[in-house]
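The block underneath contains the structure these notes are about, expressed in structure tokens.
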Amino acid sequence: MDMNAMSRRDLLAAITMTAAAVPMLTACGGDTRQRPQSQVTGPVKSGVPALDANRPGNDTWPFDEAETLNNSLTWPKTDVPDPASKVALSVAITADVVAEVRNAQFDFFFKQRHPNIEIRRETSPFDQYLTKYMAQAAGGGLPDVMYTHYSWAQNFIANDVFQPLDEYVARTPSFDKEDLPANALGYFERDGKLYGLPTDLAPKMLFYNKSIFDTAKMDYPDDSWTVEQMLAAAAKLTSGSGASKIYGFTPMLLLEADISARGLMQYGGRFLNADESQVLLGEPAAQKVLGMWLDALHKDESMPSIAELNQVLEKVEPFKIGKAAMTINGAWIMTELAKQDAFEWGATHTPKGPEGRFTPAIGSALAMSAGSQHKEAAWIYLNEYLSSTGQQFRRISAPARQSAWLPNAEALGIPKDVIEACQTAMKEYASSEGVMKLPASKKVVETAKPIWERTLIGKSDLRSALRELTDKVTPILAENRIS
């Protein structure tokens, strides 16, 4: 990769303009994944109703329950000393209303353990975060601790925004790096150094509606299934029409940042090559896979079309409301599924293809700003927030810490066999391999989206669409050459 193509300031300016013009990617299209969360005690600029500073809580996270849980946990130690005098630690995150409350509680108890560390949190909407902090980086001032989505991390790392954490990990004997999935840390690493610690990091799994399978008298999916078997079963399970239609599968395969691991690598195909400098969708392997999925959409009608999603389903994913038999989605949806009682559900491994089984492992992280004046205090915060104990306290449904999966699943009512399947996936085949992570990723996806959608609605044939897509995406990939 040419590391001298753009100056640091030029790239920061380009990223800022791109981020402002292009909607942010979530972990996958339509994900309702729990965003990494925040901290309280200082003012919160998020539009979230103010909480009682002395007893933060609400109906979802009652203060008394949080206090009992906090006191039952063993919080980690580090050889990094607490500050001898008061310091104000600024933390930039993105969080929803529910996460905001839980993080207020985390901060409350953190302050009890570390009375000289004041937390000043800056909470920004997810779709404004990257624009805001890339602009701030260009100006030279950043918070001490920063959230990063997997698809943003390399932007920050390449521009020296984040501090390498290896020294601090080494000073923390109990850190247990082995508890983090090494095959999915690539988003937050560069040149052998670790710049971010994941808050959540989870595989995509095959979820299924047991009720629909039972009605059809068909066996549930298992780890023996191939992609062809899944698509054939989807066709058989599709029934009805209009508002009462049951789809065999949802959603249609989309050209998103994780599509290679999500559906192409099983057949030897990829969206981009390994260094994200070349489009490979026109290769025979990728074309074969896309053709299979288009047949399922157009011929079998086993997946919701764009028109059905927008008009009949009103943009609600049908699996979540019991109108689809199967979906491939991130493990973070388990919390939502566990709360509903409309249907029984299960989850198993993603189907395999001739080249094997693949799935993306994606998530978010917290990092330390390279310009922080309070690095030791920042590390104390990161160490506790991102420890197994911290992730158990926050009840992350798909925690990066593998030791937190089972305790959290039990607390959230998620079946043990589903958790075991997720953990096996993380250990054996889920990874960051094939997931776009370099600076051009968002623009690539947004450029590809309308071209692919014309194919989905039958306005363009596959070969023509892939030629057009290759022509338009290829120049954008130059933005991945950074210095």
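The values are calculated or read from the model by the stated rules, or taken from the named source; none is laboratory data. Note that the structure is predicted; figures quoted are calculated from it, not measured. Heads up, the Cβs are rebuilt from the backbone with ideal geometry, glycines too, and the neighbour counts pull from every protein chain shown. What goes into the accessible areas is simple: the full protein's heavy atoms, side chains included, and nothing from ligands, DNA or RNA. Shrake-Rupley method; radii C 1.70, N 1.55, O 1.52, S 1.80 Å.
When the gyration tensor of the stretch 200-240 is built from Cα positions, what are the square roots of 5 times its three eigenvalues, in whole Å, from largest to smallest?
Working from the Cα gyration tensor, I get semi-axes of 21, 13, 10 Å.
Can you find, among Thr238, Ala261, Leu281, the residue sitting farthest towards the positive end of the charge dipole of the stretch 230-294, where Lys and Arg contribute +1 and Asp and Glu -1 at Cβ?
Thr238
Quick one: dipole size for the chain, taken about the Cα centre, charges +1 on Lys/Arg Cβ and -1 on Asp/Glu Cβ, in debye to the nearest 20.
With Lys and Arg at +1 and Asp and Glu at -1, about 680 debye.
Give the calculated FRET efficiency between Ala138 and Thr215 to the nearest 0.05, with a Förster radius of 60 Å applied to their Cβ-Cβ distance.
About 0.60, to the nearest 0.05.
Evaluate the relative contact order of the stretch 293-428 (contact order divided by residue number), counting alpha-carbon pairs under 8 angstrom at least 6 apart; express in whole percent.
Averaging sequence separation for qualifying contacts and normalising by length gives 20 percent for the stretch 293-428.
I want to check a number: in the stretch 386-483, how many lysine pairs have alpha carbons closer than 26 Å, given a sequence separation of 8 or more or different chains?
11
Enumerate the calculated ³J(HN,Hα) couplings along the stretch 121-129 in order (Karplus 6.51 cos²θ - 1.76 cosθ + 1.60, θ = phi - 60°), each rounded to whole Hz, writing x wherever the residue is Gly or Pro.
With the stated coefficients, the stretch 121-129 comes to 9, 10, 9, 10, x, 4, 7, 10, 4 Hz.
Given a Förster distance of 30 angstrom, what is the FRET efficiency for Ala170 paired with Ala338, based on the Cβ-Cβ distance and rounded to 0.05?
It comes out at approximately 0.20.
On the accessible surface of the stretch 107-168, probed at 1.4 Å, how many percent belong to carbon and sulfur atoms?
The nonpolar share, carbon plus sulfur, comes to 47 percent.
Please give the Cα centre distance for the stretch 281-353 versus the stretch 142-211, rounded to the nearest Å.
If you average the Cα positions of each part, the centres end up 28 Å apart.
What is the percent carbon and sulfur in the accessible area of the stretch 391-483, measuring with a 1.4 Å probe over the protein chains and ignoring ligands?
In the stretch 391-483, the share of accessible area belonging to carbon and sulfur is 48 percent.
I want to check the label-to-label distance for Thr424 and Ala411. Put each point 7 Å from Cα in the C-beta direction and report it in nm to one decimal.
For the pair Thr424/Ala411, the computed spacing is 2.6 nm.
Run the quick spin-label model on Ser241 and Trp75: label points 7 Å from Cα toward the beta carbon, then report their separation in nm to one decimal.
Taking the two extended label points, one gets 6.2 nm.
Calculate the translational D of the chain in whole µm² s⁻¹ from Stokes-Einstein, where the hydrodynamic radius comes from the Kirkwood formula applied to all Cα pairs, the temperature is 10 °C and the viscosity 1.306 mPa s.
My calculation gives 68 µm²/s for D.
Remind me, relative contact order of the chain in percent, using alpha carbon pairs under 8 angstrom and six or more residues apart?
25
Using alpha carbons only, how many degrees (0 to 90, rounded to 10) separate the axis of helix 375-385 from the longest principal axis of the chain?
Roughly 50 degrees, rounded to the nearest 10.
Rounded to the nearest 0.05, what FRET efficiency do Thr226 and Ala84 have when you use their Cβ-Cβ distance and R0 = 45 Å?
Once rounded, the FRET efficiency stands at 0.15.
For the stretch 217-294, what % of the accessible area comes from carbon and sulfur atoms, probe 1.4 Å?
In the stretch 217-294, the share of accessible area belonging to carbon and sulfur is 53 percent.
Provide the per residue accessible area, probe 1.4 Å, for the chain, rounded to a whole number of square angstrom.
Per-residue value: 40 Å².
In the chain, with Lys and Arg counted as +1 and Asp and Glu as -1 at Cβ, which of these residues, Leu165, Thr123, Tyr429, has the Cα nearest the positive end of the dipole, that is, farthest along it?
Checked the options; the winner is Thr123.
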